[in-house]
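The values are calculated or read from the model by the stated rules, or taken from the named source; none is laboratory data. All figures in this text were calculated on a predicted structure; none of them were measured in a lab. All Cβ positions, even for glycine, are placed from backbone atoms using ideal geometry, and neighbour counts span all protein chains on display.
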Amino acid sequence: MAGNSVTQVSAITSMNLRNVSQRATSSVVALVGIAGVVTVLIGVLSIAAGFRAVLTLSGAQDVAIVLRSGATDEMGSGLSQPQTRIIADSKDIARDADGAIASPELYVVVDVPLKRTATPANVPLRGVGQQAQKLRQNFRIVEGRTFTPGTFEVIAGRGASLQFAGLSVGSKLRWGTTDWTVVGIFEDRGSVAESEVWTDATVLQGAYNRGNSYQSMRVKLTSPGAFQSFKDALTSDPRLNVRLFTERDYYEQQSRTLIALVSTIGTTIAVLMGLGAVFAALNTMYSAVSTRTREIATLRALGFGSAPVVVSVLAEALLIGLIGGVIGMAISYFTFNGLRASTMNFASFSQITFAFQVTPQVLMQGLTYALALGFIGGLLPSLRAARLPITTGLREL
Amino acid sequence: MFKHLPLLWANLGRKKLRTGLTLASIIVAFLLFGLMQTLRVALTGSPELAGVDRLVTIHKVAIIQPLPESYLTRIRGVEGVKVACSHDWFGGIYQNDRNQLPVIAVDVPTFFQVYNEYSLPPEQKAAWEQDRTAAIVGSAVAERFGWKIGDTVPMRSNIWTHKNDGSSVWPMKVAGIYNAGNGDNQSIYFHHEYLNESRAVGEGTVGWVVLRVNDRNRSADIARTIDGMFANSSTETKTATEKAFIQGFANQMGNIGALITAVAAAVFFTMLLVTANTMGQSIRERFSEIGVMKTLGYSNATVTGLVLGEALLVTALGAIIGLGLAALTSVGLAQALAQFFPVLGMPPSVYASGAVLVVVLGTLAAAQPCVQANRLKIVDALRKV
């Protein structure tokens with residue numbers, strides 16, 4: 001019996017799939033619908049994946065960020081030079097031949113036009129200390145050279161130089177009353193730093209009338225485990241009034257809003273579009289079943305069970321889902337993967353550049369969704385086919 | 001024309017399931033269309049809501065750079081400037097870091113002259129003007145946190161600290177709840193003096209200046225005059241219309257508008273296929289019937305018109321229900337997204353573009369079946385039975 005029903009299932013299913021061409025138009029409609037949904041879903045998920053990648057890449061566990069107590073980001077923070085000296089003296093900070101691996105930093109934004117629209121965007125300009133490059137593990141200059149301390153020279157992140165106009169080696173920019181020269185382009189494995197422009201912190205203090213104050217301090221800890229003792233020591237020091245994050249927590253917090261926003265909107269769109277695609281698939285499968293009413297009834301009269309009929313209809317629907325899903329995966333992969341974009345990160349009131357990332361997980365999510373849509377679209381029509389009374393079916397024209 | 005309505009209606013009822021499914025896909029398409037337009041407007045701002053006679057003066061380098069307080073007086077002195085009001089970004093946080101609010105310190109006496117579309121009862125306005133620690137809050141934010149007039153709110157700043165004790169908490173008394181015609185009901189406005197007198201740094205500066213001009217046709221001239229006045233000083237300015245300012249800010253969000261349009265187009269293309277397919281199917285099934293109608297004397301034009309009418313009817317029904325649902329759900333969307341940015345509800349222009357889409361979608365879907373029905377010869381149709 002078991003062997004018999006397997007034969008039945010494969011017989012009907014293969015017959016069914018061979019005559020899909022009879023219903024080509026409506027099958028293609030359902031297929032295009034599902035492919036469209038999968039493309040949009042993967043697109044949205046790859047934006048979220050891209051953001052997450054930038055922000056998690058940026059955050060090391062053994063790097064700590066020190067802000068003024070009450071500040072939520074670098075922009076609103078402030079530290080005096082004596083305070084940065086006290087912090088740099090901490091025993092939990094890693095040291096090398098040049099002293100403590102710590103960088104007191106300034107963070108301001110400057111208007112640089114977006115290449116795409118030629119309208120100004122808030123690009124972060126970061127003033128960094130001598131040791132800053134050692135705090136970003138993958139930092140390297142890919143073009144030109146690094147800035148000379150004490151001069152009005154800047155280096156631009158690769159992301160920033162791709163998105164904003166005039167950030168290429170040798171170009172001159174006027175911010176305020178100062179002319180700045182871009183002398184190099186740097187990379188840091190796609191982290192947030194690549195959205196920024198860097199210069200010497202002491203030069204920036206002068207140019208922005210900041211005296212000798214800084215905004216934040218970034219330090220390399222002796223080990224990730226040293227964070228707690230570093231934090232305890234600093235927060236209990238009466239000379240300081242500070243708030244500390246590991247770099248990872250800091251970026252996690254900054255990205256929360258953006259990722260939540262993209263996911264909320266993306267999921268809503270994907271669910272609604274999926275609903276539309278299910279209706280298209282249902283329509284296709286119902287008409288597939290209804291044009292074959294007599295055929296199905298004949299099969300049943302010949303002794304085929306209802307289970308093979310259900311399976312054959314479902315298989316057709318799943319095939320449509322599979323093909324639609326694969327097409328969607330291909331389109332989205334070739335359109336979106338690696339696409340560079342920039343948007344406003346409200347947490348820091350400045351631009352962040354990122355690349356869409358179509359990861360294998362994202363692709364699998366898209367495919368699963370496509371199959372689920374095909375399954376739902378095939379289930380009800382297949383049940384109807386199986387329940388149809390044989391006599392009525394045979395009588396139908 | 002209308003005498004055929006019962007016939008159209010009866011045809012729709014012929015295969016209820018199929019009509020239902022087609023209708024459902026159209027409803028979803030229009031629901032998505034409505035929601036995405038709502039989102040697009042919310043994300044890219046609505047430059048059309050900007051005051052036509054308002055200009056914004058900011059530091060040339062970036063808006064976060066402060067301007068000397070004296071600039072306010074000098075801008076007021078420029079010929080053609082009706083009134084000018086200073087603004088300072090406060091970086092407000094309420095209760096926890098997640099509740100970041102647009103709190104802005106303004107020059108209170110000129111605020112309502114610059115923003116004349118904001119309404120506040122006169123007694124609340126008087127209370128705000130008299131008390132230095134008083135603030136007015138937007139109706140949406142008051143509702144979100146359940147604030148009432150007279151409450152004192154411990155507002156924290158992520159930028160400014162008090163110079164005497166280093167604290168970042170600035171208690172503010174809710175003196176009034178305003179309603180803004182341009183939809184800005186999420187902000188909190190308080191006294192520039194309150195902030196300026198006690199902040200540890202930045203005393204004697206303002207963030208940016210918003211001004212109104214007497215004659216909006218002279219906006220470009222006035223903007224040039226203002227920027228010219230501060231050219232070659234240590235603090236140069238950039239003046240633009242409020243509309244350009246909002247537009248520039250929206251551009252910073254990235255190509256979200258384009259992205260949303262692309263998604264909407266993809267959805268519509270799919271729906272077009274679905275409707276066209278079902279229409280084609282139901283016409284093919286009725287070829288013999290159309291043959292009978294033609295035998296009875298129905299002209300080719302009438303028969304074609306009936307097919308077209310059927311497509312338009314389904315599409316229009318779907319659009320009405322879909323946009324209705326979108327208008328309802330955009331309220332829910334506004335609540336879900338309130339923590340990120342204000343959503344003002346579905347823009348009315350959606351109905352107009354929706355109507356255009358109904359005609360386009362219906363006509364395109366009916367095109368092929370119409371041609372088929374028009375060309376159909378009576379003999380061929382009747383032979384099919």
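What the table shows:
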item	result
Residue in the stretch A:270-309 that is farthest from the other protein chains (Cβ to nearest Cβ), counting only those that are part of a helix (DSSP H, G or I) and without any contact (Cβ under 8 Å) to a residue 40 or more places away in the chain	A:Glu295
Some residue of the stretch B:199-215 being modelled with pLDDT of 90 or more, assigned to a helix (DSSP H, G or I) and not acidic (Asp, Glu)	no
Failed item, numbered, when A:Arg116 is tested on (1) part of a loop (DSSP other than H, G, I, E, B); (2) crowded, with 19+ Cβ neighbours inside 10 Å; (3) at the interface with chain B (Cβ under 8 Å from one of its Cβ atoms)	(2)
Test set (1) over 30 Å from B:Ala266 (Cα atoms); (2) over 23 Å from the mean Cα position of the chain (by Cα) - A:Thr56 fails condition number	(2)
Residues of the stretch B:281-319 satisfying the condition of being within 14 Å of another protein chain (Cβ to nearest Cβ) and surrounded by fewer than 19 Cβ atoms within 10 Å (Cβ to Cβ)	B:Arg284, B:Glu285, B:Arg286, B:Phe287, B:Ser288, B:Glu289
Some residue of the stretch B:19-40 being in a loop (DSSP other than H, G, I, E, B) and not basic (Lys, Arg)	no
Residue under evaluation B:Leu43, criteria (1) in contact with a helix residue (DSSP H, G or I) (Cβ under 7 Å, 6 or more places away or on another chain); (2) free of Cβ contacts under 8 Å to residues at least 40 places away in the same chain, criterion not met	(2)
Selected residue (only one of A:Ile12, A:Ile34 is at pLDDT 80 or above, within 14 Å of chain B (Cβ to nearest Cβ) and not in a loop (DSSP other than H, G, I, E, B))	A:Ile34
Qualifying residue in the stretch A:231-247 (condition: assigned to a helix (DSSP H, G or I), touching a residue at least 40 places away in the same chain (Cβ under 8 Å) and assigned by TED's automatic domain parsing to the domain that holds A:Gly70)	no
From the options B:Leu328, B:Leu323, B:Leu333, residue that is closer than 23 Å to B:Gly183 by Cβ and touching a Phe, Trp or Tyr at 6+ places or on another chain (Cβ under 7 Å)	B:Leu323
Some residue of the stretch B:75-93 being out of contact with any Phe, Trp or Tyr (no Cβ under 6 Å at 6 or more places or on another chain), assigned to a helix (DSSP H, G or I), over 21 Å from B:Asn179 (Cα atoms) and β-branched (Val, Ile, Thr)	yes
Verdict on A:Ala226 being assigned to a helix (DSSP H, G or I) and touching a Phe, Trp or Tyr at 6+ places or on another chain (Cβ under 8 Å)	no
Residue in the stretch A:94-105 that is within 14 Å of chain B (Cβ to nearest Cβ) and crowded, with 17+ Cβ neighbours inside 10 Å present	no
Extreme residue, nearest to the other protein chains (Cβ to nearest Cβ), among residues of the stretch B:149-160 that are in contact (Cβ under 8 Å) with a residue 40 or more places away in the chain and among the β-branched types (Val, Ile, Thr)	B:Ile159
Single residue of A:Thr84, A:Thr39, A:Thr72 found to be in contact (Cβ under 8 Å) with a residue 40 or more places away in the chain, surrounded by 14 or more Cβ atoms within 10 Å (Cβ to Cβ) and under 30 Å from A:Val362 (Cα atoms)	A:Thr39
Number of the exception - A:Ala385 against (1) surrounded by fewer than 16 Cβ atoms within 10 Å (Cβ to Cβ); (2) over 20 Å from the mean Cα position of the chain (by Cα); (3) among the aliphatic types (A, V, I, L, M)	(1)
Among the candidates B:Phe245, B:Phe268, residue that is buried (at least 21 other Cβ atoms within 10 Å of the Cβ) and more than 9 Å from chain A (Cβ to nearest Cβ)	B:Phe245
Matching residues in the stretch A:109-140 - criterion: being under 20 Å from A:Ser191 (Cα atoms) and charged (D, E, K, R)	A:Arg126, A:Lys134, A:Arg136, A:Arg140
Extreme residue, farthest from A:Val362 (Cα to Cα), among residues of the stretch A:328-345 that are assigned to a helix (DSSP H, G or I) and more than 13 Å from every other protein chain (Cβ to nearest Cβ)	A:Phe334
Total residues in the stretch B:164-176, condition out of contact with any Phe, Trp or Tyr (no Cβ under 8 Å at 6 or more places or on another chain) and modelled with pLDDT of 90 or more	3
Some residue of the stretch A:121-133 being modelled with pLDDT of 90 or more, away from chain B (no Cβ under 14 Å), in contact with a Pro (Cβ under 8 Å, 6 or more places away or on another chain) and buried (at least 19 other Cβ atoms within 10 Å of the Cβ)	yes
Residues located in the stretch B:224-255, provided they are more than 27 Å from the chain's Cα centre (by Cα) and in a helix (DSSP H, G or I)	B:Arg224, B:Thr225, B:Ile226, B:Asp227, B:Gly228, B:Met229, B:Phe230
Candidate set: the stretch A:129-161, residues that are assigned to a helix (DSSP H, G or I) and of a type in the set (D, E, K, R); chosen: the one farthest from the chain's Cα centre (by Cα)	A:Lys134
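To keep it simple, each residue is scored yes or no on (1) aliphatic (A, V, I, L, M); (2) crowded, with 21+ Cβ neighbours inside 10 Å; (3) over 25 Å from the mean Cα position of the chain (by Cα).
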{"site": "B:His59", "(1), (2), (3)": "no, yes, yes"}
{"site": "B:Ala62", "(1), (2), (3)": "yes, yes, yes"}
{"site": "B:Pro66", "(1), (2), (3)": "no, no, yes"}
{"site": "B:Glu69", "(1), (2), (3)": "no, no, yes"}
{"site": "B:Thr73", "(1), (2), (3)": "no, no, yes"}
{"site": "B:Gly80", "(1), (2), (3)": "no, no, yes"}
{"site": "B:Cys85", "(1), (2), (3)": "no, yes, yes"}
{"site": "B:Trp89", "(1), (2), (3)": "no, no, no"}
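Listed here are the residues, each with its yes/no results for (1) in a loop (DSSP other than H, G, I, E, B); (2) touching an Asp or Glu at 6+ places or on another chain (Cβ under 9 Å); (3) more than 30 Å from B:Gly345 (Cβ to Cβ); (4) in contact (Cβ under 8 Å) with a residue 40 or more places away in the chain.
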residue: B:Glu129; (1), (2), (3), (4): no, no, yes, no
residue: B:Ala135; (1), (2), (3), (4): no, no, no, yes
residue: B:Arg144; (1), (2), (3), (4): no, no, no, yes
residue: B:Trp147; (1), (2), (3), (4): yes, no, no, no
residue: B:Asn164; (1), (2), (3), (4): yes, no, yes, no
residue: B:Ser167; (1), (2), (3), (4): yes, no, yes, no
residue: B:Gln186; (1), (2), (3), (4): yes, no, no, yes
residue: B:Ser219; (1), (2), (3), (4): no, yes, no, yes
